[in-house]
Every structure is written in C-alpha cells, then in structure tokens.
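Some notes on the structure that comes next.
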C-alpha cells in the first residue's frame, strides 16, 4: 500500500475527500471578487471605466431569501466575466448584452425565465430594494434621469456583474463608481 505515495511511508487515502468547511468558501469568495474586478484587460473603450473601490462606504451583508440559488447565480455570473459584449447576445459562445446576460444566468442556473429587456426586467414583480439592502442575486438597474437602459446582477460588497457596451466584455464594477452611482435607477429582488 505504500507504493501509492513513494517515499512517504503511508497508504493512499480511501473514499471521498471531505468537503472544506463553510468558512473557507466564505473567505475565498471576497478574494475571487477582488481578483475579477482589477483586470484592466476587460475594460471596454466605449463604456465608462471600471469604477474604483469606494474609500469609505461599508456595504451591509444582507442574506438572500434563497442562499443556494443566489450563490449559483453569483458564481455563474462571475464565471462569465471576460465574455465579449454583443448587442442582442444571450450565450457565452455568441456574447452577451446586459439583459441577455441576466436572462442566460437565471435560466441556466435556476431554470427561471425572466424577461429579455432591461425595461421589462425592471417591471418584474418583486420588491424594489434600497441600495443599502441589496442581497446577492438582486438585479440592479441604470439609466439617465431614472429611465432604465441597463441591468446587472448584484454579487455583494457593492459590486455587480454586467455586460456594459459594444467593444467591451462582461465585467465586475462597483455601484459607487461615479457613472453607476449617478445613473442608478433601482433594484429588484427576483429570488
């Protein structure tokens, strides 16, 4: 039995490896979010530049109504960072526009069929959420003068995943960034 690990004098483990403790996953997620947000190579030329992290604001952690569903949405959305933008796009292979990204993530992970445009998504039944009460998986909306022209998926710590513009890619941004803060038009909880 010691041939499995030559030079170590012990047998190979048998059976499945135990799952890591939950606190490890909780510690790794913020690091993964931080790593995704600092990539300058995903910065589209025509969209506002990725927003810098806020210096003073502390975002409350609000537990989602369905943590497992919210986690699957957040992980899938973050996994699509870097996918090219394409107007009308709704697949990883073909690219995404903002509402196509939201539609794809919720359909792929939860088999939840949401409307296809940002305006229709903003009208979805569900409570409007104040920015300081956002939970992972909530939809965040943007547009000039309160109109809805853009949507993203809130992932926590004041950040959201979205497909910003032609020539760009899916990316992670801060709600407190100048452009996003000034054009924030509301949020909806769909989970």
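Derivation of every value follows stated rules applied to the coordinates shown; laboratory data play no part. Just so you know, these numbers come straight off a predicted model, no measurement behind them. Reconstructed Cβ throughout: ideal geometry from the backbone, glycine too, with neighbour counts over all protein chains shown.
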Check your understanding: Does region 173-183 contain any residue that is touching a residue at least 12 places away in the same chain (Cβ under 8 Å), surrounded by 16 or more Cβ atoms within 10 Å (Cβ to Cβ), assigned to a strand (DSSP E or B) and in contact with a helix residue (DSSP H, G or I) (Cβ under 8 Å, 6 or more places away or on another chain)?
Key -> yes
**Study point:** Filter result for the condition that a residue is in a helix (DSSP H, G or I) and under 27 Å from residue 146 (Cα atoms), over 105, 81, 124
**Key:** 105
Study note, to complete from the structure: For region 130-167 the number of residues that are closer than 23 Å to residue 115 by Cβ and in a loop (DSSP other than H, G, I, E, B) is 13
Check your understanding: Which one of the conditions (1) over 16 Å from residue 170 (Cβ atoms); (2) free of Cβ contacts under 8 Å to residues at least 60 places away in the same chain; (3) touching a strand residue (DSSP E or B) at 6+ places or on another chain (Cβ under 8 Å); (4) assigned to a helix (DSSP H, G or I) does residue 119 fail to meet, given that it meets all the rest?
Key -> (3)
